[in-house]
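Everything below concerns the one structure shown next.
The values are calculated or read from the model by the stated rules, or taken from the named source; none is laboratory data. What you see is a predicted model; the values in this text were computed from it and never measured. Virtual Cβ from ideal backbone geometry, glycine too; neighbours counted across all protein chains shown.
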Amino acid sequence: MTLADLARQLGAFAGGHATHADLQRWLDTVLSADALGVERSDSAPWDEAPDDNRLFWRLVYLFEGPNGASGGTASGTANGANTEGEESPAVSAAPAEPTAEERQRRRLAQRVIECLARTGSAAATFELLPIVTDQDRF
């Protein structure tokens with residue numbers, strides 16, 4: 001999987017064509033395919049395109065995790081509101097309205113892919129990432 005693949009996934013997420021769950025499943029696939037030990041890791045991608053790989057993995061970890069696609073509550077029932085045995089909104093068939101956190105994550109994904117497109121450089125985008133991720137505050 002490449003930086004271009006990740007940019008497509010983030011673009012689909014930012015555009016509302018993919019859900020947080022879709023993005024998380026894709027990221028889980030990336031993470032599970034990665035060898036954990038350096039001795040088992042393929043160095044060829046790092047040798048050929050180190051800047052692309054550095055940005056790729058930084059973005060994977062930026063969008064994965066407790067504040068990533070799962071939003072920190074896998075079941076959606078942290079407040080105890082689901083007491084009648086019905087399915088939580090996270091697993092129901094009908095798409096739920098995006099939460100404020102999801103909308104914020106979509107805006108971040110859009111800013112990241114716009115930055116990458118405008119700079120045309122993984123190295124420059126990596127250097128700008130702290131500003132891009134904090135842009136909502138500015």
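Just to verify a result, which residue in segment 1-26, among those that are farther than 22 Å from ARG54 by Cα and among the hydrophobic types (A, V, I, L, M, F, W, C), is surrounded by the most Cβ atoms within 10 Å (Cβ to Cβ)? Looking at the filtered set, the residue picked out is ALA18.
A quick yes/no check of all residues on (1) surrounded by 13 or more Cβ atoms within 10 Å (Cβ to Cβ); (2) part of a loop (DSSP other than H, G, I, E, B); (3) at pLDDT below 95:
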| residue | (1), (2), (3) |
| --- | --- |
| VAL91 | no, yes, yes |
| GLU97 | no, yes, yes |
| GLU102 | yes, no, yes |
| GLN110 | yes, no, no |
| ALA117 | no, no, no |
| ALA124 | yes, no, no |
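Selection of first residues in segment 1-30 that are without any contact (Cβ under 8 Å) to a residue 40 or more places away in the chain and of a type in the set (A, V, I, L, M, F, W, C) and of second residues that are surrounded by fewer than 20 Cβ atoms within 10 Å (Cβ to Cβ) and outside any helix (DSSP H, G or I), restricted to Cβ pairs under 7 Å at least 6 apart or on distinct chains, gives the following pairs, ordered by first then second residue: VAL30/MET1.
For ALA44, the conditions (1) among the small types (Gly, Ala, Ser); (2) in contact with a Lys or Arg (Cβ under 7 Å, 6 or more places away or on another chain); (3) modelled with pLDDT under 85 all hold with the exception of (2).
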